[in-house]
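K.L.:
If you scroll down you'll find the structure; I have some questions about it.
The values are calculated or read from the model by the stated rules, or taken from the named source; none is laboratory data. This one's a predicted model, so the numbers in the text were calculated from it and none came from an experiment. Here the Cβ positions follow ideal geometry from the backbone for every residue, glycine too, while neighbour counts run over all protein chains shown. Surface areas here come from the heavy atoms of the whole protein model, side chains and all, with no ligands, DNA or RNA. Shrake-Rupley method; radii C 1.70, N 1.55, O 1.52, S 1.80 Å.
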Amino acid sequence: MAITPATKPKPAKKINLNTLTGQLDREWEDLQSGLVPQADAPLLTYYHSGTRTALTWIEGDPYTYLFPAAYQGERLARLCGYLKSLEEKPMPELHAARDKQVELLREQTWPAYVEVCVDMTHEGTGGTPAELTYTWAGVDSLWTEEGPAGPVDAPAPRLPKFHSAESEAFHCNALAVLFLNRATRRPLCDLDVTPF
């Protein structure tokens, strides 16, 4: 006879979008008041702005957000599936996955995004370089499902439609870093690889 556990596992608690964006904003303010290495300032700016925007696409929760059927093959939906697959992993595996995503962000997706989608030639005004302001390059429009409308409780069609593979890679990679930072209990804006 099989032994049945006395208690059922708790269902995953839905992440509150306002709490998450509030934490992201507090960290951003702390970064602004501290000394951010000049080389990292554009990356941190685009990371913060891009993830803050991307969080609204999935209502702040990649673990419980339900994508419309027609969007399942898109990279953002696949990213959320990847994050779900890591939910129950032990902490050492989460740290390794997080460091891999940070390296990918720093070495591949950010440089490619800058080359294709970011104009860093303007000097800006008021002492703020133009590269410290987020641009919407690469996000062509918001995706909408073609055909008849889905059920009333279906997610709103505010999912991104990217015109650039580099923008899609950067935004999805940045979201992966944010949620893996959260899973490993790091600051959400931590973009440093573990030093050991």
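K.L.:
Residues of the range 10-37 being outside any helix (DSSP H, G or I), open to solvent by less than 100 Å² (accessible area, probe 1.4 Å) and either at pLDDT 80 or above or closer than 26 Å to residue 63 by Cβ (or both), which ones?
P.N.:
12, 15, 16
K.L.:
Kindly indicate the residue of the range 163-196 that is small (Gly, Ala, Ser) and within 21 Å of residue 90 (Cα to Cα) and also surrounded by the most Cβ atoms within 10 Å (Cβ to Cβ) among those meeting that condition.
P.N.:
So the residue we want is 176.
K.L.:
For the range 45-98, name all the residues that are hydroxyl-bearing (Ser, Thr, Tyr), within 13 Å of the chain's Cα centre (by Cα) and open to solvent by less than 20 Å² (accessible area, probe 1.4 Å).
P.N.:
46, 47, 51
This table checks each residue for (1) touching a helix residue (DSSP H, G or I) at 6+ places or on another chain (Cβ under 8 Å); (2) part of a helix (DSSP H, G or I); (3) at pLDDT below 95.
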| position | (1), (2), (3) |
| --- | --- |
| 48 | yes, yes, yes |
| 55 | yes, yes, yes |
| 59 | yes, no, yes |
| 67 | yes, no, yes |
| 98 | yes, yes, no |
| 103 | no, yes, no |
| 107 | no, yes, no |
